[in-house]
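Beneath this line is the structure, given in structure tokens, with notes to follow.
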Amino acid sequence: MSNTPPKPPPARNLLEGKTVLVTAAAGTGIGFATAKRCVEEGARICISDLHERRLQEAADQLAEINGERPAALLCDVTQEDQVRTLVSGAIDALGRVDVLVNNAGLGGFAPVVSMTDEQWHKVLDVTLHSTFRMTRAVLPHMLERRSGAIVNNASVLGWRAQKGQAHYAAAKAGVMAFTRCVALEAAEANVRVNAVAPSLAMHEFLSKVTPAGLLEELIGREAFGRAAEPWEIANVIVFLASDNASYMTGEVLSVSSQHP
């Protein structure tokens, strides 16, 4: 069996005419891959990140796809005032927000016995609390329009266990539960809320922060013998954001080839 990743499939205009806001979209991970696939699928987008230089570089790269530079707004998703400014700025730039992709998250490795309060709270703040803040800020806009879709980035660790990941797993399990509850609240206004749960998506930052040997161990659990490419996760996010998922809400889709 070859563990060479496939080539990305051709675009099919799945998001033609839609506007999308993606958090944590700079760099080489799932956020940028999602923004790129959204543009390729016909969407107008607004991207956000905490890092200004990387954010502007991401916007420059995205402009090469269709000649239109996306709105790029700085935001620390742990700060409520910045979240509110981001959402209002995205609405001003795009005219409306049809889709919100809550991609911001923070991991790290720490056994519980040596984990500090600061480590615990920071991971939950960036990963779980930001999903709440962003959703709370954009949802009234979608409810008023009686249209919209929110896609949250969870993780298979919301279901499974892994040493050193108690804070991250707890945060991602919270994202899953939050997704299901908000979906019920938003359904009457025809607003859909779903999540993806990747197992392992390889990108540059992940390889830098993962303890030696752990990546090889995790890849060994994958049935395809490789990690997912970020665009493979992005494709599922695009599907959930599109009208092809019109009857799906409150769902968490595992994007994984992992076996126990």
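The values are calculated or read from the model by the stated rules, or taken from the named source; none is laboratory data. In this text the structure is predicted, and so the values were computed from the model without any measurement. Note that each Cβ is placed from the backbone with ideal geometry, even for glycine, and that neighbours are counted across all protein chains shown.
Within region 76-108, track down each residue that is within 15 Å of the chain's Cα centre (by Cα) and of a type in the set (A, V, I, L, M, F, W, C).
Result: V77, V99, L100, V101, A104, L106.
What are the residues in region 172-190 that are farther than 19 Å from A137 by Cβ and part of a helix (DSSP H, G or I), if any? Lay out the reasoning, then the answer.
So the first thing to find is which residues in region 172-190 are farther than 19 Å from A137 by Cβ, and the list is 172-173, 176-177, 180, 184, 187-188, 190.
Answer for region 172-190, where residues must be farther than 19 Å from A137 by Cβ and part of a helix (DSSP H, G or I): K172, A173, M176, A177, R180, L184, A187, E188.
I'm told L73 meets every condition in (1) surrounded by fewer than 24 Cβ atoms within 10 Å (Cβ to Cβ); (2) assigned to a helix (DSSP H, G or I) except one. Can you identify the failing condition by its number?
Only one criterion in (1) surrounded by fewer than 24 Cβ atoms within 10 Å (Cβ to Cβ); (2) assigned to a helix (DSSP H, G or I) is unmet by L73, namely (2).
Here are some conditions: (1) closer than 19 Å to A234 by Cβ; (2) out of contact with any Lys or Arg (no Cβ under 8 Å at 6 or more places or on another chain); (3) outside any helix (DSSP H, G or I). A149 meets all but one. Which one does it not meet?
In the conditions (1) closer than 19 Å to A234 by Cβ; (2) out of contact with any Lys or Arg (no Cβ under 8 Å at 6 or more places or on another chain); (3) outside any helix (DSSP H, G or I), A149 misses (2) alone.
State whether the residues of region 98-110 include one that is in contact with a strand residue (DSSP E or B) (Cβ under 9 Å, 6 or more places away or on another chain), surrounded by 20 or more Cβ atoms within 10 Å (Cβ to Cβ), part of a helix (DSSP H, G or I) and of a type outside the set (S, T, Y).
no
In region 181-218, which residues are modelled with pLDDT under 75, hydroxyl-bearing (S, T, Y) and surrounded by 15 or more Cβ atoms within 10 Å (Cβ to Cβ)?
T210, the sole residue that qualifies.
Residues that are of a type in the set (A, V, I, L, M, F, W, C) and either part of a strand (DSSP E or B) or under 20 Å from the mean Cα position of the chain (by Cα) (or both): does region 112-119 have at least one?
Among the residues of region 112-119, not one is of a type in the set (A, V, I, L, M, F, W, C) and either part of a strand (DSSP E or B) or under 20 Å from the mean Cα position of the chain (by Cα) (or both), which makes the answer no.
For region 17-36, what are the residues that are in contact with a strand residue (DSSP E or B) (Cβ under 9 Å, 6 or more places away or on another chain) and in a loop (DSSP other than H, G, I, E, B)?
G17, K18, T23, A24, A25, A26, G27, G29
Within the set of pairs 6 or more residues apart or between chains, which connect a residue that is farther than 17 Å from L128 by Cβ inside region 68-89 to a residue that is surrounded by fewer than 16 Cβ atoms within 10 Å (Cβ to Cβ) and aliphatic (A, V, I, L, M) with Cβ atoms less than 7 Å apart?
Every condition considered, the pairs that remain are R69/A63.
Between a first residue in region 22-38 that is farther than 17 Å from P8 by Cβ and a second residue that is surrounded by fewer than 24 Cβ atoms within 10 Å (Cβ to Cβ) and among the aromatic types (F, W, Y), which pairs have beta carbons less than 8 Å apart while being 6 or more apart in sequence or on different chains?
G27/F205
Scan region 120-131 and report the pairs whose first residue is assigned to a helix (DSSP H, G or I) and whose second residue is charged (D, E, K, R), with Cβ atoms within less than 7 Å and a gap of 6+ or a chain change.
T127/K172
Residue check, L62 against (1) out of contact with any Pro (no Cβ under 7 Å at 6 or more places or on another chain); (2) assigned to a helix (DSSP H, G or I), all met but one. Which one?
Among (1) out of contact with any Pro (no Cβ under 7 Å at 6 or more places or on another chain); (2) assigned to a helix (DSSP H, G or I), L62 violates only (1).
Please determine whether any residue of region 133-145 is under 20 Å from the mean Cα position of the chain (by Cα), within 21 Å of A234 (Cβ to Cβ) and among the small types (G, A, S).
No, region 133-145 contains no residue that is under 20 Å from the mean Cα position of the chain (by Cα), within 21 Å of A234 (Cβ to Cβ) and among the small types (G, A, S).
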